[in-house]
1. For segment 114-160, name all the residues that are crowded, with 16+ Cβ neighbours inside 10 Å and either assigned to a loop (DSSP other than H, G, I, E, B) or in contact with a strand residue (DSSP E or B) (Cβ under 6 Å, 6 or more places away or on another chain) (or both).
2. If a residue must be surrounded by 13 or more Cβ atoms within 10 Å (Cβ to Cβ) and not in a loop (DSSP other than H, G, I, E, B), how many such residues does segment 86-113 contain?
3. List every residue pair whose Cβ atoms sit under 9 Å apart, with the two residues 6 or more apart in sequence or on different chains, where the first one lies in segment 133-152 and is on the phi > 0 side of the Ramachandran plot and the second, anywhere, is surrounded by fewer than 22 Cβ atoms within 10 Å (Cβ to Cβ) and outside any helix (DSSP H, G or I).
4. Give me a count of the residues in segment 71-85 that are under 16 Å from the mean Cα position of the chain (by Cα) and not in a helix (DSSP H, G or I).
5. Which residues, taken from segment 37-58, are in contact (Cβ under 8 Å) with a residue 40 or more places away in the chain and either among the aromatic types (Phe, Trp, Tyr) or surrounded by 10 or more Cβ atoms within 10 Å (Cβ to Cβ) (or both)?
Amino acid sequence: MTSTSSSSEEFFMQVLDIINSEALESENEAESLNTRRYIEREHEAAHVRLITDYFVEGCKYSDENFKRRFRMRHCVFLRIMEDILNYHKDPLPEYFKYFHLRVDVHRKLSISTYLKITAALRQLADGDTPNLFDEYLQMSKRTCHESLMNFCKCIIDLYKDEYM
């Protein structure tokens, strides 16, 4: 491992530590105020809107718009998503399982992989805060934060040997 790769990995680990500490402070505040409440979000409608806006033929936004908003080409986004979903290791780490569709205890489908990866990438690309995605992606601040944390761990596992 070169000094560049170890410094890149250290950088990602520092980012993860900072994000974790901020999330812990935020959760402690919510618990102390006892302000948690459930908001019914329309994850399926948000998924359809995202797909219609960026991922189907004749989509609303062009490839140039996609590249400007995500700081990457459309095909790179799809490759990363495919790599995360097709990662095979026994046992599969929890941060990879996070991006797989599941059925929750209420028999509802979990938030789509597209939405979770979009939330993570938009936070990384623009430095957006997690609460900005509530309206468009129909995701809570906590879910956006979890998406970012798990995404970073997946990227490190997937690409550290090749790029770091």
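Where a number appears in this text, it was derived from the coordinates with a stated rule and is not lab data. All values reported here derive from a predicted model rather than from experimental measurement. Methodologically, a virtual Cβ is constructed for each residue, glycine included, from the backbone with ideal geometry; neighbour enumeration extends over all protein chains shown.
1. Those that are crowded, with 16+ Cβ neighbours inside 10 Å and either assigned to a loop (DSSP other than H, G, I, E, B) or in contact with a strand residue (DSSP E or B) (Cβ under 6 Å, 6 or more places away or on another chain) (or both): Gln138, Met139, Ser140.
2. Final tally of qualifying residues: 3.
3. Within 9 Å, the pairs are Gln138/Arg41; Gln138/Glu42.
4. Residues that pass the stated criteria total 2.
5. Across segment 37-58, the qualifying residues are Arg41, Glu42, His43, Glu44, Ala45, Ala46, His47, Arg49, Leu50, Ile51, Phe55.
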